[in-house]
Amino acid sequence: MNSKILLITIFIIPISIKELCAISYPQLKDQLIENSKELQIKKYNIDIEKEELNIIDSQSYPSISFGFNIEKSNLLEKKITSTSVGSSSLTTDNLKKSYSYINLNYNLYSFGRIEQKKQNQKHIINVSSYEYCLTKKNLILKLLEYYYNLLNSKNRINYLLKVLDLKSKIYKNKEKLFENGNISKFEVSQTAIEIAELY
């Protein structure tokens, strides 16, 4: 019983046993889902896999690049210099030359490669989502079992306390009867043993 109560406190924010008995099952379940590291890690993995799907999807989008180039030569010093921005450069002995360009690349057909990657990634996301739901369900079922055991233990404790109270009253009455000489010391001792067994 003690180990099961301890397991409940592992799942939730640390609280005392008295407070634990006062918390309802829905509150415990909410705290479990919110604070479970295992569920958080699985949720982060799903988010990462969704981002990877977006990256794969972006491979079908067009790409654009810009370039600008200026080349200048100094004929008096017989030096040729070149300045470029972009992926191309030219060398010339003209006084000044410049150009700019725009490249637009679009993959017209990828032979189904990108679509296959997207389908595979969607399958991975579905598997991860299933694992998340399964883990969540198992944690909730464990919590339900522990909570039931806790309530059962609480009821047993309440029952034992009532029995102990009644036995204590019986013991006091028997002591008075013994003092008056109505019963023997053995009967008083027997009631005392019954009370000790309850502990």
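The values are calculated or read from the model by the stated rules, or taken from the named source; none is laboratory data. Note that the structure is a prediction, hence the values are computed from the model and not measured. Quick reminder, even Gly has a Cβ in these numbers, built from the backbone with ideal geometry, and neighbours come from all protein chains shown.
One residue alone among SER73, SER60, SER89, SER84 is at pLDDT 55 or above and touching a strand residue (DSSP E or B) at 6+ places or on another chain (Cβ under 6 Å), and that residue is SER73. How many residues does region 103-115 contain that are in a strand (DSSP E or B) and loosely packed, with under 10 Cβ neighbours inside 10 Å? Number satisfying all stated conditions: 2. Does region 116-128 include one or more residues that are under 30 Å from PHE68 (Cβ atoms) and either free of Cβ contacts under 8 Å to residues at least 40 places away in the same chain or surrounded by 12 or more Cβ atoms within 10 Å (Cβ to Cβ) (or both)? No, because not a single residue in region 116-128 is under 30 Å from PHE68 (Cβ atoms) and either free of Cβ contacts under 8 Å to residues at least 40 places away in the same chain or surrounded by 12 or more Cβ atoms within 10 Å (Cβ to Cβ) (or both). Between LEU53, LEU20, LEU39, the distinction of being under 30 Å from TYR147 (Cβ atoms), surrounded by 10 or more Cβ atoms within 10 Å (Cβ to Cβ) and modelled with pLDDT of 75 or more belongs to LEU39 only. Residue count for region 150-199 under the criterion of being over 50 Å from the mean Cα position of the chain (by Cα), surrounded by fewer than 11 Cβ atoms within 10 Å (Cβ to Cβ) and of a type in the set (A, V, I, L, M): the result is 1. So is TYR132 modelled with pLDDT of 85 or more and on the phi < 0 side of the Ramachandran plot or not? The answer is yes for TYR132. As a summary of the residue check, TYR146 satisfies the conditions (1) free of Cβ contacts under 8 Å to residues at least 24 places away in the same chain; (2) under 30 Å from LYS29 (Cα atoms); (3) among the aromatic types (Phe, Trp, Tyr) except for the one numbered (1).
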